[in-house]
1. What list of ³J(HN,Hα) couplings, whole Hz, do you get for segment A:250-261 from phi and the Karplus terms 6.51, -1.76, 1.60, once you set θ to phi - 60° and write x for glycine and proline?
2. Within 10 Å, at most 11 other Cβ atoms, and a DSSP state outside H, G, I, E, B define an exposed site. Report the longest part of chain A free of exposed GluC sites (Glu not before Pro).
3. Out of the trypsin sites (Lys or Arg not before Pro) in segment C:118-184, which ones are loop residues according to DSSP with at most 10 other C-beta atoms within 10 Å?
4. Order of B:234-247, C:47-60 by packing, highest average Cβ count within 10 Å first?
5. What does the average come to when, for each residue of peptide A:117-125, you count the partner chain Cβ atoms lying within 10 Å of its Cβ?
6. Please report, in debye to the nearest 20, how large the charge dipole of chain A is about its Cα centre when each Lys and Arg carries +1 at its beta carbon and each Asp and Glu carries -1 there.
7. Just to be sure I understand: with springs between alpha-carbon atoms less than 10 Å apart, which residue in C:Q335, C:Q202, C:Q152 has the highest mean-square fluctuation in the Gaussian network model of chain C?
8. Projecting each Cα onto the charge dipole of the protein assembly as shown (Lys/Arg +1, Asp/Glu -1 at the beta carbon, about the Cα centre), which of C:G81, A:T285, C:A268 comes out farthest on the positive side?
Amino acid sequence: MRLTLMADEIALAVRDLAVHFEMEQGVVRALEGVSFDLRSGRTLGIVGESGCGKSVTARSILRILDRPGRVVGGSIVLDPGSSGSTDVLALDPNAERMRAIRGGRIGLIFQEPMTALSVHYTVGNQIIEAVRQHSDLSKQSARDRAIELLREVGIPRPELRVDAYPFQLSGGLRQRVGIAMALAGDPDILIADEPTTALDVTTQAQVLDLLRRLQAEKGIALMLITHDMGVIAEMCDDVAVMYLGRIVEYAPVETLFAAPRHPYTRALLRAVPTILAKPRQRLATIGGAVPHPGARPVGCPFHPRCSEVIEGRCTAAVPPPIPPGQAGASCFLEVPG
Amino acid sequence: MQCLLLQDAFRHAPDRAGGAGRDTNAHAYLMLSYLLQRLGLALVTCLFISALTFIIIRLPPGDFVDAYIANLTASGSSVSQEQAEAMRREYGLDQPVLVQYVRWMGRVFQGDFGVSMVWRRPVTEVIGDRLWLTMVVSLAALFLTWAIALPIGIYSAVRQYSIGDYIFTTLGFIGLAIPNFLLALILMYLGFRYLGLNVGGLFSPDYVQAPWSWARVWDLIKHLPLPAAVLALAGTAQLIRIMRANLLDELRRPYVVTARAKGLSEMRAILKYPVRAALNPFASSVAYLFPYLVSGSIVVSLVLGLPTVGPLLLQALVAQDMFLAGAIVLLLGVMTVIGTLISDILLMWIDPRIRLEGRA
Amino acid sequence: MTAADPVASAGQDRWAEATQLRLTWWRFRRHRLAVISLVVIALFYLIAAFADFLAINDPHATDARRSFIPPQAIHFFDENGFNPHIYGLRGVRDRQTFQLVYTPDPNRKLPVRLFTRGYNYNLLGLIEMDIHLIGVIGAQRGEGIFLLGTDQLGRDLFSRMIVATRVSLFIGLAGVTLSLVLGVLLGGISGLYGGWVDTVIQRVIEVLRSIPTIPLWMGLAAALPNSWSTLQVYFAITIIISLIGWTDLARVVRGRFLALREEDFVVAAELAGASQGRIIFRHMLPSFMSHVIAAVSLALPAMIVSETALSFLGLGLRPPAVSWGILLQDAQNIQVLSGAPWLLSAAVPVILVILAFNFLGDGLRDAADPYG
């Protein structure tokens, strides 16, 4: 059940989030001091290559990080401005308070609609369960609410579809069901972990439209994780670019696309194929590959692949993090001297 | 939650414009065809068993009448040539094998399994309670297997690498390694040597010959745990491993994360979702556990001296009392097939994909 | 950009170029328990091959006067220093039963030495020998080392157990080979050709799986004519046991073939014009070889237990054949057993072998397909 928040007010404040994975080969630092805000009514895009820590961030916020992952530092504060502010990291992940938040204040939308829903229970059963987890509704009322939710996400004939099994629905419909389920607890924060990656382009557009509409109607703070710059351009108000567990650039979307400040962002934007390019022009790529988080380069994590690397500085130290709430890039190019 | 099969299928109004999946009539049809398929298979199996049994009956050299005569002669009486011929005609022994088989099956369907040569009484009388007791012990073992393997398997997967997990894994290996009759033997020896009592048998001395009463049933129940446990051990160990392996697989899957993200408690999320998914391979393994248990009960009941079909079968085989032996083999086989069929049907109830699409 | 590490990339090349079998072997080596089991099994088969050499007394020699002698310990030291010896036996008339009972006599020491002469046998079936690994010098009639005691007929249990290893293990092997042939053949046909052939074979397998095996075996085994020789009985039992065992192997093979049929490399081979045979043997076989080996090593203990169970019941092998099951037959009677618990000692190799094969099979299965 969400509190009524003013638009633009910070719903969730993440500060210096650090996550380690204890593997037999050693400790892998998956997230190193990640900070950002989620504001109600606004969409924050988190973009980066595979392995940069986007999903780990989402899981950490909901405290469903699997072993051997462990949050080792930072804070994740819900409603930071109000008297009822809570640091989610201070809560016991399995206790009632955290579980009320999970689904009730923060909802999660998944990437793979094929596998995110259990095939053993009907769609209705799974949504009703989420509804009843976060409300006191009777079975019948919960069922009505579930049908209502299905209708909201644009599923035709919801009163019939509510008794369908996931394997009887198409991918696009399943993703909508996933969104309905995430909304079941009436959260004010939604985390969408690559919600359109597994869908074809047409369905992708429909789902994005749906998300935008829902956000407008309910004033939800949306955190959209993706590796697709096109989705970022279309959906987001602010963007955080992640690389190897750190945010390397943070900016409003127009600024990011018009004047990117970090070499990585610049390279990402260059790599997007454009219809305006000359025919037979080579696709730009970013040389090298993302290093394994366990084999982190010394100094700035991006420097081995950076075309604007400054010898001596970039190899020696890690660039300072971006102050939370402000636009900027974590790069020595930004630092005078 | 899940309703019973037919209700679920008929709950929606028929919707040809592509409603919630398929037509309800299609549901019912698919379920029925699956059921009929399993039933047909069961019938074929029973037929096959009957044929095998008949071969076993006819295998020893000489025919039944010769053996009968030999038996009678050994005990002092004699049979005249005409009597022998009459018996031969009665049992159709002068006819081709196929005819004999058909006639034997005919009699079997009427409940006439022939006469035991050793006991000189109808086979059904000799078998008496023993068949039911065999089933009771096997079912008890099956129940025990489920009751133990399921929770321990779940625990082992959820608390992987914990001390409990290691202990159960080790116990499991020991359970797998010791054949059930050896375990029974060792337990009998230990019970006799150190406790001075006979740990075998299904009844206390008072109740062995007594007629059936509630008290006798209770006595039986009190004696069931040991034989059931001995029988169940290997199967339980096996199933724990299966459950553990499958659940470990399922715990990694995205839908488990979805469940947690909804705010469900850990226990609720695990029991409702991945356990349910891991239940499929678990249940289908159990389906074929029943023949193994019935099989095992034969040898175990010999060691533990249980009044089941096992010791009787051995006696019958050694004495070449073929009608008795054949009847036991046939009845055992048929009951096992029925048991397996029931587990198949239960499996159908568990997996909605079979129910709705006719296949796993 | 970090420079390519020559050592690391050489290792990677080795890894990339290794054949399926090599990879499986490397993965297998990491399961220590499975490797130990492999060694244990190899030891068992060695014992089986050299059974007579390792045995001490003639396994078939009976002597009623030395029945139920408890296991004798070898004493390694005496007043002269290191001098392995056992105590000889002295006949003593039991006061209560008036039976002659052999008891160890400390006054009579018999030296125990390696490589002594004992009963005659044929090493590996070819060379006639009478040297045994351990033996006693100066034994009089009826005496010897009875490391595990004697049975009712006065036969040395230790020697019998060693000799039984040969029979029990090789029946297992023979049975599994038959099952393997049947299983691979039928499973292969089923998986490769699909269609109604597959359906029929599948149904047959399901029918066989729902039959309780032991009563049927008992029936078939009991029906074997008494006049058959030990060897004939031996073979018949093997065939009977393997007739059910093939279903598991067939299912594994079928499953593999079904999966492999869809693999791109098979389609590529077909498109390149390779013959069926070539595709099967050159392309598909290496992929599922390891699975089959794993399934076989898991099926072996079942065979051994089946023979043991049948012989235990008296329906399997017949004397004078010696197998673990036959040895355990003597332990059936609780009264007898409580007086002579060493009769149960044949249970130990049975349990060990089953454990070893199970660990081995598990290790092989994990190595063959870590994700399967």
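Where a number appears in this text, it was derived from the coordinates with a stated rule and is not lab data. Everything numeric here is computed off the predicted structure, so don't read it as measured data. Quick reminder, even Gly has a Cβ in these numbers, built from the backbone with ideal geometry, and neighbours come from all protein chains shown.
1. So the J values, rounded to whole Hz, are 9, 7, x, 4, 5, 4, 4, 6, 7, 9, x, 9.
2. On the way: sites that count: A:E24, A:E311.
Longest run free of exposed loop sites: A:25-310.
3. Details: sites: C:R141, C:R155, C:R160, C:R166; in loops: C:R141, C:R155.
Those satisfying the criteria are C:R141.
4. On the way: B:234-247: 22.8, C:47-60: 20.0.
Descending mean neighbour count gives B:234-247, C:47-60.
5. 6
6. On the way: 36 positive and 37 negative charges, 102 e Å.
Computed about the Cα centre, the dipole is about 480 debye.
7. C:Q335
8. About the Cα centre, the residue reaching furthest to the positive side is C:G81.
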